[in-house]
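A quick write-up on the structure given underneath.
The values are calculated or read from the model by the stated rules, or taken from the named source; none is laboratory data. Note that this is a predicted model, so its numbers are computed, not measured. For neighbour counting, all protein chains shown are included, and Cβ atoms are generated from backbone atoms with ideal geometry for every residue, glycine included.
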Amino acid sequence: MNEVVTKRLENSSLPDWDRSQKPRLGGLWAFQNQRLRFLEQLRQHGDIVPFKLFRNRCWLISHPDLIEQVLVTQNKKFIKHFALRYLRSFIGNGLLINEGQSWLKQRRRMQPTFMPSMIAKFSELMIEQSNKLIDGWQDLETVELHQELSRLTLAIATRSLFATDADDDASEVYEVLKEALAATNARFGSRFPIPSWIPTPGNRAIRRAIHTLQSVIDRIIRKRLDSKVLGDDLLSKLIQSRDENDATAMTSQQLRDEVLTLFLAGHGTTANALSWTLYRVGKNREILEKMRAEWKDALGDREITAADVPHLKYTQAVVQESMRLDPPAYIMGREATEDLELGERLIRTGDTIFLSQWVTQRDERWYRDPLEFRPERWLEIDSSEKNRFSYFPFGAGPRVCIGNHFALLEFPLVLATILRKIDFELIDREVEPWPLVTLRPKGPMKAKILRLD
Ligand code: HEM
C-alpha cells in the first residue's frame with residue numbers, strides 16, 4: 001500500500017468497523033434464513049451499515065453515490081468478496097472471479113465478442129428456441145414457468161456457445177449443467193453453509209457435477225481445436241480472441257474456465273429474469289395488452305427481429321421494471337485491498353462491502369411507490385437519469401456484466417415470440433422470491449397455457 005495513503009487513513013478521525021455501532025439483527029442466522037428481510041432491516045439503520053458475517057467485518061452500502069464510489073470511482077481499491085472467491089475452487093478462474101492484470105487481459109480479449117453488433121446474430125436462435133418451447137405446450141396444459149424458461153435459456157446458452165451443429169454435445173452439456181446447478185442451489189439453500197473444502201455430500205455432489213461438466217466442455221474445445229473449423233458461435237470467437245497488446249490465444253484451461261463461467265453466470269440469471277417478468281405481467285393483464293399492442297404496431301404479423309428491439313420502448317420498460325423489483329443478481333460484494341474513506345466511515349483493508357440491488361432498487365427515495373410494478377416510470381422523462389446508480393441490475397463500472405447486451409436482446413425476443421402465440425393464467429398468484437445464488441422463485445410458478453393459434 002502507498003505510504004502516504006496509509007498515514008492519512010491512520011490519522012482519519014472517521015469511525016471504522018470496530019468503532020461503529022452495529023445493529024443487532026441476528027447476524028449469520030438471519031443472513032442465511034431471511035436474507036432479504038435482513039438486508040432491508042440493515043438498510044433501516046443507514047446508507048452504510050456495519051455487520052458481521054462468519055468472521056468478516058462487513059458493510060451494507062445502499063446510497064447510489066456510495067455504490068458509484070465502490071463500483072466506479074474507487075473500484076481499484078477492491079477485489080471480489082470472499083464468498084465469490086471461494087467459488088474458484090469449483091469453477092476455476094473465469095471473468096467473474098478473475099482479478100488484476102489477468103482479468104483485464106481476459107476482459108479485453110472477450111469484450112468485442114459481446115458487443116451488440118456481434119450478439120445480434122444470436123437473435124435467430126433465440127426466436128427459434130422460443131418457438132420450439134411453445135410448440136411443446138398443449139392448449140389448457142399446466143406448466144411450471146421457471147422450469148420451462150430455465151430449459152429455454154439453457155438451450156439458448158448452449159447453442160450460442162457451441163452452435164447448432166453440436167447438438168449431441170449441447171444436450172449432454174445441458175443434462176450435466178442441470179445437475180451442477182441443482183447441486184449448487186441445494187448447497188446455497190442450505191441453512192448451515194459448510195466450507196467448500198469439507199467433503200460433505202453436498203460439496204462432493206457439486207464437485208462431481210462440475211467435474212463432469214468440465215470434462216464435457218474440455219472435449220468440445222479439443223474437438224473444435226483439432227478440427228480447425230471455426231464458426232460464428234461464442235466458442236469460436238473465444239478461440240480467435242486476442243488482446244490488442246498480446247497476440248497469444250487463450251490456453252485450453254482459460255477457454256474452459258471462461259465457457260463454464262459464461263454458462264453459470266448467464267443461464268440462471270436470464271431464466272429468473274424471464275420468469276419474474278412473466279409472473280409480473282401475468283398479474284397485470286393491462287401491461288401484457290400494452291406490450292401486445294406495441295408488437296402489433298411495430299411488427300404487424302411478421303416475426304420479430306433483433307432490429308426491432310431498440311424500437312420496442314414499452315417492452316424494454318417492462319423488462320427494466322422487472323429487473324428493478326425482482327433483480328436476478330440481488331446482492332454483490334467486494335473486499336477492500338487498502339484503507340479508504342467511504343460515506344463518513346473508514347473502511348479497513350479486508351473489510352467486505354455488500355451492495356444490494358434488492359434494497360437500493362426498492363428505495364422510496366429514488367422510486368415513487370417503489371413496490372408497484374409500473375413500467376411507465378421508465379418512460380417518464382428524467383426518471384432513469386435521476387440517479388444512475390440507484391439501478392444496477394448488471395452491476396456497473398469496469399466489471400459490469402459482459403452479457404448484458406445478450407440478455408437485453410434475449411428478453412424482448414423471447415417475450416414477443418411467446419406472448420404473441422400464447423396466453424397464460426397464473427395458478428399460483430403469490431410466489432415468493434428465494435435468494436440463493438440468484439433470486440429465483442420459491443416453489444412452483446404454475447400457469448395454465450391458452451394457445452392463441
Ligand atoms: C438478467 C441477466 C443477467 C444479470 C442480472 C447479470 C448480472 C450480473 C452482475 C450484477 C454482474 C457483476 C458482478 C460483480 O461486479 O460482482 C455480472 C457479471 C458477469 N456476467 Fe452477468 N448477468 C446476466 C446475464 C449474463 C449473461 C447472459 C452472461 C453471459 C453470456 C453473463 C456473464 C457475466 C460475466 C462473465 C460476468 C463477469 C464480468 C467481469 O467481471 O468482467 N451475464 N452479471
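Brief remarks follow.
- Just so you know, in segment 226-236 the residues that are hydrophobic (A, V, I, L, M, F, W, C) and modelled with pLDDT under 85 include one that is farthest from the ligand (Cβ to nearest atom), and it is Val229.
- Residue match in segment 286-297 (condition: under 30 Å from Ala180 (Cα atoms) and more than 16 Å from the ligand (Cβ to nearest atom)): no
- Residue identified as in a helix (DSSP H, G or I), buried (at least 16 other Cβ atoms within 10 Å of the Cβ) and among the hydrophobic types (A, V, I, L, M, F, W, C) among Leu133, Leu104: Leu133
Every residue, every condition in (1) among the β-branched types (Val, Ile, Thr); (2) farther than 22 Å from Leu84 by Cα; (3) in contact (Cβ under 8 Å) with a residue 40 or more places away in the chain, yes or no:
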{"position": "Leu14", "(1), (2), (3)": "no, yes, yes"}
{"position": "Gln32", "(1), (2), (3)": "no, no, yes"}
{"position": "Arg37", "(1), (2), (3)": "no, no, no"}
{"position": "Lys52", "(1), (2), (3)": "no, no, no"}
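- In the set (1) in contact (Cβ under 8 Å) with a residue 12 or more places away in the chain; (2) under 24 Å from Ser275 (Cα atoms); (3) surrounded by 14 or more Cβ atoms within 10 Å (Cβ to Cβ), the condition left unmet by Asp139 is number (3).
- Among the residues making up segment 81-94, those that are out of contact with any Leu (no Cβ under 8 Å at 6 or more places or on another chain) and either under 15 Å from Arg256 (Cα atoms) or of a type in the set (Lys, Arg) (or both) are Arg85, Arg88, Ser89, Phe90, Asn93.
- Just one of the numbered conditions (1) within 13 Å of the ligand (Cβ to nearest atom); (2) of a type in the set (Val, Ile, Thr); (3) more than 19 Å from Ala157 (Cα to Cα) is not true of Val259: (3).
- Odd one out for Arg388 among (1) basic (Lys, Arg); (2) touching a strand residue (DSSP E or B) at 6+ places or on another chain (Cβ under 6 Å); (3) closer than 21 Å to Leu325 by Cα; (4) surrounded by fewer than 16 Cβ atoms within 10 Å (Cβ to Cβ): (2)
- Residue match in segment 241-254 (condition: out of contact with any helix residue (DSSP H, G or I) (no Cβ under 7 Å at 6 or more places or on another chain) and within 10 Å of the ligand (Cβ to nearest atom)): no
- Screening segment 65-94 for residues that are in contact with a helix residue (DSSP H, G or I) (Cβ under 6 Å, 6 or more places away or on another chain) and over 29 Å from Ser215 (Cβ atoms) and picking the one that is farthest from the ligand (Cβ to nearest atom) gives Glu68.
- Residue in segment 267-285 that is part of a helix (DSSP H, G or I), over 27 Å from Ala155 (Cα atoms) and small (Gly, Ala, Ser) present: no
- Qualifying residue in segment 92-99 (condition: modelled with pLDDT under 95 and at positive phi): yes
- Conditions (1) under 29 Å from Glu99 (Cα atoms); (2) modelled with pLDDT of 85 or more; (3) surrounded by fewer than 21 Cβ atoms within 10 Å (Cβ to Cβ); (4) not small (Gly, Ala, Ser); number of the one not met by Ile217: (3)
- Sole exception among (1) over 20 Å from Leu125 (Cβ atoms); (2) surrounded by 22 or more Cβ atoms within 10 Å (Cβ to Cβ); (3) not hydroxyl-bearing (Ser, Thr, Tyr) for Glu289, by number: (2)
- Which numbered condition Tyr330 fails, given (1) modelled with pLDDT of 95 or more; (2) out of contact with any strand residue (DSSP E or B) (no Cβ under 8 Å at 6 or more places or on another chain): (2)
- Number of the condition not met by Leu436 [criteria: (1) of a type in the set (A, V, I, L, M); (2) within 21 Å of Leu42 (Cα to Cα); (3) in contact with a Lys or Arg (Cβ under 7 Å, 6 or more places away or on another chain)]: (3)
- When residues of segment 311-357 are limited to those that are of a type in the set (Gly, Ala, Ser) and more than 12 Å from the ligand (Cβ to nearest atom), the one nearest to Gly100 (Cα to Cα): Ala336
- Condition check for Gln253: of a type outside the set (Asp, Glu), more than 28 Å from Ala416 (Cα to Cα) and in contact with a Leu (Cβ under 8 Å, 6 or more places away or on another chain): no
- Count of residues meeting criterion [within 12 Å of the ligand (Cβ to nearest atom) and crowded, with 21+ Cβ neighbours inside 10 Å] in segment 409-429: 3
- Asp308 vs. criteria surrounded by 18 or more Cβ atoms within 10 Å (Cβ to Cβ) and within 11 Å of the ligand (Cβ to nearest atom): no
Yes/no matrix, rows are residues, columns are (1) basic (Lys, Arg); (2) assigned to a loop (DSSP other than H, G, I, E, B); (3) under 18 Å from Gly94 (Cβ atoms):
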| residue | (1), (2), (3) |
| --- | --- |
| Arg222 | yes, no, no |
| Asp226 | no, no, no |
| Leu230 | no, yes, no |
| Gln254 | no, no, yes |
| Glu258 | no, no, yes |
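- Filtered residues of segment 40-93 (kept if under 17 Å from Trp358 (Cβ atoms), polar (S, T, N, Q) and in a loop (DSSP other than H, G, I, E, B)): Gln44, Ser62
- Residue that is farthest from the ligand (Cβ to nearest atom), among those in segment 95-111 that are touching a Ser or Thr at 6+ places or on another chain (Cβ under 7 Å) and over 20 Å from Arg159 (Cβ atoms): Arg109
- Residues considered: Gly282, Gly300. Of these, the only one that is surrounded by fewer than 19 Cβ atoms within 10 Å (Cβ to Cβ) and small (Gly, Ala, Ser) is Gly300.
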